[in-house]
Number of protein chains: 2
Amino acid sequence: MNAKKITGPSSGFPELLPELRRVEQQWLDTIRQSFEAYGFASIETAAVEEVATITAKGEDVDKEIYGLRRLREAAQDMQPSSLGLHFDLTVPLARYVSQHYNELNFPFKRYQIQKVWRGERPQEGRYREFTQCDIDVVDNNELALHFDAEMPRIVLKIFDRLGIDDLVTHINNRKIIQGYYLGLGITEPMPVIRCVDKLDKIGPDGVRQTLQTQLQMSDDIIDKCLQLAAIKTADSSFAAQVEGLGIHNEVLDAGIRELRFVMDSLANLRSGSVLANLAIARGLDYYTGTVFEGKFTTYPEFPTIFAGGRYDNLLGSYFNRKVPGVGISIGLTRMLLKLYKEGRIHPAEQCPTDVLLIHTPESSYAALVARAEALRDNGINVEIYHDPGKKTGQQIQYANRKGIRYALFTNTGSDEIKDLVSGTQLPIDIQAWQPDRTSSYQTRIVPSARQAGGKPAD
Amino acid sequence: MNAKKITGPSSGFPELLPELRRVEQQWLDTIRQSFEAYGFASIETAAVEEVATITAKGEDVDKEIYGLRRLREAAQDMQPSSLGLHFDLTVPLARYVSQHYNELNFPFKRYQIQKVWRGERPQEGRYREFTQCDIDVVDNNELALHFDAEMPRIVLKIFDRLGIDDLVTHINNRKIIQGYYLGLGITEPMPVIRCVDKLDKIGPDGVRQTLQTQLQMSDDIIDKCLQLAAIKTADSSFAAQVEGLGIHNEVLDAGIRELRFVMDSLANLRSGSVLANLAIARGLDYYTGTVFEGKFTTYPEFPTIFAGGRYDNLLGSYFNRKVPGVGISIGLTRMLLKLYKEGRIHPAEQCPTDVLLIHTPESSYAALVARAEALRDNGINVEIYHDPGKKTGQQIQYANRKGIRYALFTNTGSDEIKDLVSGTQLPIDIQAWQPDRTSSYQTRIVPSARQAGGKPAD
């Protein structure tokens with residue numbers, strides 16, 4: 001037999017062992033149920049799009065896009081790829097809505113949980129294949145601000161359910177930055193926005209230097225920009241601080257009104273979970289209003305975990321209608337692998353089996369199958385041990401090795417179940433019995449305080 | 001604003017509207033729960049593999065494989081792709097097991113539900129991107145026959161739960177064909193197997209002609225081959241019929257023993273759901289024993305819905321160990337789109353929302369949010385209507401348009417729920433209320449008899 005060396009995909013294509021995959025599945029279920037709890041419908045779009053479609057709105061995204069060609073065709077000619085893998089789920093949404101416009105109900109609330117691909121240099125938190133969980137609402141002509149306010153509420157609900165307590169949603173509104181800059185006499189705000197957006201990474205001195213050298217801005221205008229970016233409040237008090245800077249502009253006023261509405265709507269959320277942060281802009285050109293960014297407080301250097309915002313013109317630019325949207329995208333893979341690496345995820349066992357059915361001299365195969373099916377009909381996960389010739393001890397050993405908690409002994413008169421954790425063995429009614437799943441076999445998520453060396457949470 | 005024409009991916013990349021996607025999700029949940037009910041653990045492998053890995057076991061598969069290159073790199077040089085999209089989930093399993101061998105428990109029972117890509121010519125039932133649902137068991141050195149018998153039981157369980165009553169599992173064993181051919185003096189059985197496997201498509205005369213012209217076989221040997229392929233029994237009586245053909249060979253005997261074990265184990269399944277069919281071989285070279293093939297009885301011309309078998313040497317060929325496996329793969333996309341096209345799937349509404357919360361002059365936003373969160377904590381899907389300025393009638397209209405069944409009116413003293421189907425409006429306890437989800441809002445699957453013009457099933 002010729003043994004070929006078999007290798008996995010290159011770095012940047014993470015794969016999970018079964019025990020961590022179970023955690024990912026539980027998280028995906030929680031995320032999906034939460035999205036549906038707010039009335040969002042699931043769609044999936046093809047992973048493969050026309051290159052012309054995915055590059056239409058991308059600034060500099062083409063370097064990250066994987067083009068596709070059938071191997072045989074690629075070997076025959078040197079044509080460029082006309083197909084590529086999607087790198088996000090927002091551009092595909094725009095294409096999907098434009099294609100199915102007449103078949104959808106508006107406001108169209110959709111969620112989409114799929115893999116995306118980016119040919120980035122792999123490093124911590126950056127992968128070439130990863131799962132994104134997106135929600136977006138799009139509507140005709142006008143989109144209610146209600147939806148901008150709902151987005152942070154939904155993600156917070158998800159993280160509370162997952163037991164992740166150290167993610168903060170930073171919220172801003174592009175109109176505040178744009179209006180303020182226009183009020184300062186900056187006629188082309190976009191390059192300034194992109195530069196100030198790097199404040200977190202390069203600091204105020206770095207921003208100042210870039211604005212001076214690359215955009216020839218004066219020191220007092222730069223001061224004014226940095227003053228706005230320094231405003232961070234847990235509630236609507238940002239508004240008074242902005243007004244205190246003495247700049248007046250209609251777009252600015254609209255932005256303040258919108259962000260105030262969002263912050264007021266979120267007033268009853270867990271303290272510290274949302275922050276009006278006037279430095280946040282998000283790099284993408286298509287955002288027009290509210291912008292969101294979610295970061296770990298425990299790992300301030302780690303990239304954004306979720307992000308999104310309001311895009312009033314993105315979809316319209318694809319099909320000549322006004323279809324404003326707002327959405328948020330959670331980077332599931334990045335979040336999961338970070339918390340696992342930090343030792344905060346303790347997965348359960350590799351296999352989902354609750355009960356192993358044991359072959360005994362008294363049990364027939366048909367009797368075991370009947371027991372197994374009865375248990376499965378009650379939602380219990382069951383394996384029949386695969387080799388009737390093995391001794392009971394060897395069968396139990398298999399259960400222990402796989403982390404199967406219960407063993408069922410089927411005798412002529414009665415069924416007895418053995419709890420391999422406690423060691424107790426008791427007769428059961430096969431139609432009524434349920435396993436205890438609340439025990440040590442569950443996945444645990446460690447709160448940030450305990451992990452960071454602080455006081456353990458309750 | 002420049003409106004660009006935006007197009008979807010080429011044909012062969014199917015996309016679902018939200019209502020059909022909900023059906024797909026329900027099916028995926030059922031499939032997943034059924035796999036777990038039999039103790040299978042979930043894994044996902046990267047969609048992207050080394051081209052060398054995915055082509056290692058493929059006969060003629062390279063014409064269907066999509067190679068990947070970053071657009072920018074592809075524009076700079078003409079190197080061939082070293083990465084490609086997986087075209088099935090069995091080869092990735094082999095690679096995964098060889099990579100993680102020391103971290104897995106054996107017998108390793110895994111399921112894998114993922115998209116795969118094949119650059120085929122699109123036609124009915126053949127897509128370029130589609131979802132496969134695979135289960136496989138692999139073990140060291142020996143793999144119990146128990147698992148071969150379990151596979152058809154699991155898929156039948158799934159189809160019963162989905163309400164699909166016209167799929168039959170055809171079962172054979174490669175050793176029967178190989179041993180029988182060896183007994184006939186055919187020293188190289190594989191080309192004959194591949195030809196006889198086309199019996200369904202080209203008929204006995206077509207098979208005869210091919211065997212005559214391409215393999216120069218004599219008429220009486222061809223007769224013998226066709227006699228074996230004609231045997232089809234609902235139970236183990238195939239064995240007597242094979243023995244009646246008077247061919248003797250050790251490999252043949254082993255095959256009969258194995259298939260008899262499988263058929264006997266399945267004796268208590270729904271009548272007509274499994275068939276020992278000695279014509280079935282499956283094209284792939286790597287099968288060594290049991291083979292499965294699932295077809296619609298109602299659409300005999302339609303391609304196979306699920307298929308699989310025993311492969312004793314596939315994994316071993318990757319890493320110099322004996323790691324036999326057996327598995328089955330369900331073509332979810334093909335099955336879903338066929339039944340939808342045939343009018344047998346009647347999806348529910350586009351959105352998952354149970355209740356719409358109505359703005360009234362007496363209701364505050366905070367009160368609505370509190371009610372919504374209380375309902376969501378009880379697993380109910382809730383939207384707050386997005387525009388407080390709209391009249392009640394317009395809000396109800398939105399619910400009707402989206403197929404939301406209930407509207408909640410929050411007044412100072414009480415909460416009242418209106419069933420928009422029956423028209424009744426009653427006060428409720430918000431902590432205890434549950435929606436009726438068993439009504440017309442559910443997805444329905446039509447049994448084959450009704451669809452085929454027969455007597456409607458109950």
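The values are calculated or read from the model by the stated rules, or taken from the named source; none is laboratory data. Here the structure is a predicted model, which means the values were calculated and not measured. Here the Cβ positions follow ideal geometry from the backbone for every residue, glycine too, while neighbour counts run over all protein chains shown. Accessible surface areas use protein heavy atoms only, side chains included; no ligands, DNA or RNA. Shrake-Rupley method; radii C 1.70, N 1.55, O 1.52, S 1.80 Å.
The lone criterion from (1) of a type outside the set (Val, Ile, Thr); (2) outside any strand (DSSP E or B); (3) facing another protein chain (nearest Cβ under 8 Å); (4) under 23 Å from B:Arg32 (Cα atoms) left unmet by B:Leu93 is number (3).
Among the residues of the range A:140-152, those that are more than 8 Å from chain B (Cβ to nearest Cβ) and open to solvent by 20 Å² or more (accessible area, probe 1.4 Å) comprise A:Asn140, A:Asn141, A:Glu142, A:Leu145. The residues of the range A:359-397 that are more than 26 Å from B:Leu156 (Cα to Cα) and in contact with a strand residue (DSSP E or B) (Cβ under 7 Å, 6 or more places away or on another chain), listed by number, are A:Thr360, A:Thr392, A:Gln395, A:Ile396.
Which of the helices (runs of 4 or more DSSP H) found entirely inside the range A:1-86 contain at least 3 residues meeting this: facing chain B (nearest Cβ under 7 Å), within 23 Å of the chain's Cα centre (by Cα) and modelled with pLDDT under 90? Even if it seems obvious, please write down each step before you answer.
Numbers: elements: A:18-37, A:51-54, A:71-76.
Qualifying helices (runs of 4 or more DSSP H): none found.
A search for C-beta distances below 7 Å between a residue of the range A:301-323 that is at the interface with chain B (Cβ under 9 Å from one of its Cβ atoms) and any residue that is open to solvent by 10 Å² or more (accessible area, probe 1.4 Å) and modelled with pLDDT of 90 or more, counting only pairs 6+ apart in sequence or on different chains, returns A:Asn313/A:Thr288; A:Gly316/A:Lys322; A:Tyr318/A:Ser98; A:Phe319/A:Ser98. Scoring B:Asp160 on the criteria (1) within 17 Å of the chain's Cα centre (by Cα); (2) crowded, with 20+ Cβ neighbours inside 10 Å leaves a single failure, condition (2).
Hey, can you tell me all the residues within the range B:185-214 that are over 32 Å from the mean Cα position of the chain (by Cα) and crowded, with 19+ Cβ neighbours inside 10 Å? Reasoning before the result, please.
So the first thing to find is which residues in the range B:185-214 are over 32 Å from the mean Cα position of the chain (by Cα), and the list is B:185-188, B:205, B:208-214.
Scanning the range B:185-214 gives B:Ile186, B:Thr210, B:Leu211.
If you go through the range B:215-237 and keep only what is among the acidic types (Asp, Glu) and either open to solvent by less than 30 Å² (accessible area, probe 1.4 Å) or over 30 Å from B:Tyr299 (Cβ atoms) (or both), you end up with B:Asp219, B:Asp220, B:Asp223. Quick check on the range B:65-124: of everything there that is out of contact with any helix residue (DSSP H, G or I) (no Cβ under 8 Å at 6 or more places or on another chain) and among the hydroxyl-bearing types (Ser, Thr, Tyr), which residue is farthest from B:Thr45 (Cα to Cα)? Going through the qualifying residues, I end up with B:Thr90. Criterion first (without any contact (Cβ under 8 Å) to a residue 60 or more places away in the chain and not aromatic (Phe, Trp, Tyr)) does B:Val51 satisfy it? In short, yes.
Which residues, counting only those in the range A:348-379, are surrounded by fewer than 21 Cβ atoms within 10 Å (Cβ to Cβ) and aliphatic (A, V, I, L, M)? Show your work before the answer.
Residues of the range A:348-379 that are surrounded by fewer than 21 Cβ atoms within 10 Å (Cβ to Cβ), as a first pass: A:348-349, A:360-371, A:373-374, A:376-379.
Scanning the range A:348-379 gives A:Ala348, A:Ala366, A:Ala367, A:Leu368, A:Val369, A:Ala370, A:Ala374.
Scanning the range A:289-347 for residues that are open to solvent by less than 10 Å² (accessible area, probe 1.4 Å) and basic (Lys, Arg) gives a single hit, A:Arg344. Residues that are of a type in the set (Val, Ile, Thr) and within 23 Å of B:Thr304 (Cα to Cα): does the range B:197-204 have at least one? Looking through the range B:197-204, at least one residue is of a type in the set (Val, Ile, Thr) and within 23 Å of B:Thr304 (Cα to Cα). Scanning the range A:130-155 for residues that are assigned to a helix (DSSP H, G or I) and in contact with a Ser or Thr (Cβ under 7 Å, 6 or more places away or on another chain) yields A:Asp148, A:Ala149, A:Pro152, A:Ile154, A:Val155.
None of A:Gly255, A:Gly294, A:Gly308, A:Gly283 is out of contact with any Gly (no Cβ under 7 Å at 6 or more places or on another chain) and at pLDDT 95 or above except A:Gly294.
From the list A:Ala407, A:Ala348, pick out the single residue that is under 32 Å from the mean Cα position of the chain (by Cα) and more than 9 Å from chain B (Cβ to nearest Cβ).
Just a single option satisfies the conditions, and that option is A:Ala348.
Assess whether A:Asp264 counts as being more than 15 Å from A:Lys175 (Cβ to Cβ), within 14 Å of chain B (Cβ to nearest Cβ) and open to solvent by 30 Å² or more (accessible area, probe 1.4 Å). It is true that A:Asp264 is more than 15 Å from A:Lys175 (Cβ to Cβ), within 14 Å of chain B (Cβ to nearest Cβ) and open to solvent by 30 Å² or more (accessible area, probe 1.4 Å).
For the range A:106-130, a tally of residues being open to solvent by 40 Å² or more (accessible area, probe 1.4 Å) and within 9 Å of another protein chain (Cβ to nearest Cβ) returns 1.
Out of curiosity, is A:Tyr340 more than 10 Å from chain B (Cβ to nearest Cβ) and among the aromatic types (Phe, Trp, Tyr)?
Numbers: more than 10 Å from chain B (Cβ to nearest Cβ): yes; among the aromatic types (Phe, Trp, Tyr): yes.
Yes; evaluated as a whole, the condition is true for this residue.
If we only count strands (runs of 3 or more DSSP E) wholly inside the range B:320-437, which ones have 1 or more residues that are under 30 Å from B:Ile164 (Cβ atoms) and β-branched (Val, Ile, Thr)?
B:325-331
Among the residues of the range A:256-265, is any of a type in the set (S, T, N, Q) and either closer than 20 Å to A:Ser329 by Cβ or part of a loop (DSSP other than H, G, I, E, B) (or both)?
Keep residues of the range A:256-265 that are of a type in the set (S, T, N, Q), which gives A:265.
Going one step further and asking which of them are either closer than 20 Å to A:Ser329 by Cβ or part of a loop (DSSP other than H, G, I, E, B) (or both), we end up with none.
Looking for residues that are of a type in the set (S, T, N, Q) and either closer than 20 Å to A:Ser329 by Cβ or part of a loop (DSSP other than H, G, I, E, B) (or both), one finds none in the range A:256-265, hence no.
Can you name the residue in the range A:163-176 that is assigned to a helix (DSSP H, G or I) and open to solvent by less than 10 Å² (accessible area, probe 1.4 Å) and, of all such residues, is nearest to B:Arg376 (Cα to Cα)?
Of the residues in the range A:163-176, the ones assigned to a helix (DSSP H, G or I) are A:174-176.
Filter once more, so that each one left must be open to solvent by less than 10 Å² (accessible area, probe 1.4 Å): A:174, A:176.
Values: A:Arg174: 32, A:Ile176: 34 Å.
Taking the candidates together, the pick is A:Arg174.
Could you look through the range A:271-281, keep only residues that are under 20 Å from the mean Cα position of the chain (by Cα) and open to solvent by 10 Å² or more (accessible area, probe 1.4 Å), and pick out the one that is nearest to A:Lys157 (Cα to Cα)? So, considering only residues that are under 20 Å from the mean Cα position of the chain (by Cα) and open to solvent by 10 Å² or more (accessible area, probe 1.4 Å), the one nearest to A:Lys157 (Cα to Cα) is A:Val274. Take B:Leu211 and tell me if it is touching a residue at least 12 places away in the same chain (Cβ under 8 Å), touching a Pro at 6+ places or on another chain (Cβ under 8 Å) and among the hydrophobic types (A, V, I, L, M, F, W, C). For B:Leu211, the condition - touching a residue at least 12 places away in the same chain (Cβ under 8 Å), touching a Pro at 6+ places or on another chain (Cβ under 8 Å) and among the hydrophobic types (A, V, I, L, M, F, W, C) - is not met. For the range B:238-261, filtered to residues that are in contact with a strand residue (DSSP E or B) (Cβ under 8 Å, 6 or more places away or on another chain) and either open to solvent by 50 Å² or more (accessible area, probe 1.4 Å) or of a type in the set (Val, Ile, Thr) (or both), the residue that is nearest to B:Gly183 (Cα to Cα) is B:Ile256. Considering only the range A:356-379, state which residues are facing chain B (nearest Cβ under 9 Å) and touching a Phe, Trp or Tyr at 6+ places or on another chain (Cβ under 9 Å). Of everything in the range A:356-379, those that are facing chain B (nearest Cβ under 9 Å) and touching a Phe, Trp or Tyr at 6+ places or on another chain (Cβ under 9 Å) turn out to be A:Leu356, A:Ala372, A:Leu375, A:Arg376.
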